[in-house]
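Working notes for the structure below.
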Amino acid sequence: MFRTYEKYILKSFINKFITISIIFFSLVIILSILEEISFFKNLDVNFLFPYFLTLLSAPITLFEMFPFIFLISTQFLFYDLFRKEELSLLKVNGLSNFKIIKLLFFSSLIMGLLTVFIYYNVASKLKFIYTDIKNNFSNDNKYLAVVTDSGLWLKDEIKENIYIVKATNIKNNYLVDVIIYEFDKKFNLGNTIQSKEVDISQKKWIIKNSTITKENISNNYQNLEIETNFDQKKISNLFSNISTLNILELFNLKKDYESLGYSSDEIVIHMLKLFSTPFFYGVLTIMSSIIMFNFKKDKSLFFHVILGILMSVIIYYVNFMFSSLGNNGKIPIVLSIFLPILFISIFAIIGLIRVNEK
């Protein structure tokens, strides 16, 4: 069981975390609502509709800010302890600096597990609902891309034609083993195009050695071109919004990508980030504690706010840099996730050596 002063530390830390989360959530709402109002300004929707959509998308954005919220919450906790001169009282009761940091570390670890396995799954579902609703108002709704066990499926509309495309594989700029069904606006089947390989490097596809069948009559063509809304880059972008998937769906999508021959690196990086998140929160809490112990106790609140923002920006760009290197194949995926955590951990461990002397 926790002692009274340990409960006090935990309660104060959780209160700081909730308060700062609410502040960040409010900022997300304010910044996002302007974009949603701009999107719907020429559409006939209820004036509350943009606010509703903003509330759906905001939780997943807040999740991405949690590392910095843990960092700043720790700073504000120690700021209050220093300001009220409570740290000396805690030490008299046997709670050393190291024990305080240890308590905060394990608290962050548990809170991190809850945010990943409960909060994230709820937030990703809300983000999926947001994306699904907004697609109904988007011009992009006329085409879509889906990965299933049977391969890649595309739906596209060009002028008076609707194309349903099925491919068993995708390699670089080529779709492999392709069947294209061409319909009119009333979904009457016209041509059926079959090809072993389709060049999708541009939106004007080049269909090589194709067979076109219409009303049971087949003709062969060496090179056939069709206009589409898709190229390799656009298909990749359609698959990139993995924040709308919960953990189980990420595993299933990874399996589908690999069966299709499509790179699953981005999904693997996202999953590794999720599973390392609780430890990352804990390490950031230690680092923030070490920094607070090494600054003079009389620093102003404004100083700590600026310090927290500066540290958050540095950590964000370090993570972004390593993630980009991992996505581009410059370094192994595992290193792209764990090297930033390792660097922060080394800094934290060095700071812990003499923390009780502060």
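Note down the net charge around LYS204, summing +1 for each Lys or Arg and -1 for each Asp or Glu among other residues with Cβ under 11 Å from its Cβ.
Taking every Cβ under 11 Å from that of LYS204, the sum is -3.
How far, in nm, would the chain grow between PHE39 and ASN173 when pulled straight, counting 0.36 nm per residue and subtracting the alpha carbon separation?
Extending this stretch completely gives an extra 45.0 nm.
Taking the chain as a Gaussian network, Cα atoms linked when under 10 Å apart, which of ASN319, ASN223, ASN121 shows the biggest mean-square fluctuation?
Comparing ASN319, ASN223, ASN121 in a Gaussian network model of the chain, the most mobile one is ASN223.
Filter LYS155/LYS255; LYS134/LYS155; LYS16/LYS41 down to the pairs with a C-alpha to C-alpha distance above 29 Å, please.
In this structure, LYS16/LYS41 lie more than 29 Å apart at Cα.
Label-point separation (nm) for PHE47 and VAL305, each offset 7 Å from Cα along Cα-to-Cβ?
3.2
Below 8 Å, C-alpha to C-alpha, sequence gap of six or more: please give me the relative contact order for the chain in percent.
17
Take ILE133 and PHE106, extend 7 Å from each Cα along the Cα→Cβ direction, and tell me the distance between the two endpoints in nm.
Reported label-point gap for ILE133 and PHE106 is 4.2 nm.
In the Gaussian network model of the chain, springs joining C-alpha atoms below 10 Å, which of ILE23, ILE129, ILE217 carries the largest mean-square fluctuation?
ILE217
At a Förster distance of 41 Å, what's the computed FRET efficiency of ILE22 paired with LYS233, Cβ-Cβ distance as r, to 0.05?
The formula returns an efficiency of 0.60 here.
Over the Cα atoms of the chain, compute the convex hull volume and normalise it per residue, giving Å³.
Once divided by residue count, the hull of the chain is 161 Å³.
Just so you know, all these numbers are worked out from the coordinates, no wet-lab data involved. Small disclaimer: the values here were computed from a predicted structure and weren't measured. Neighbour counts are summed over all protein chains in view; Cβ atoms, including those assigned to glycine, are modelled from backbone coordinates with ideal geometry.
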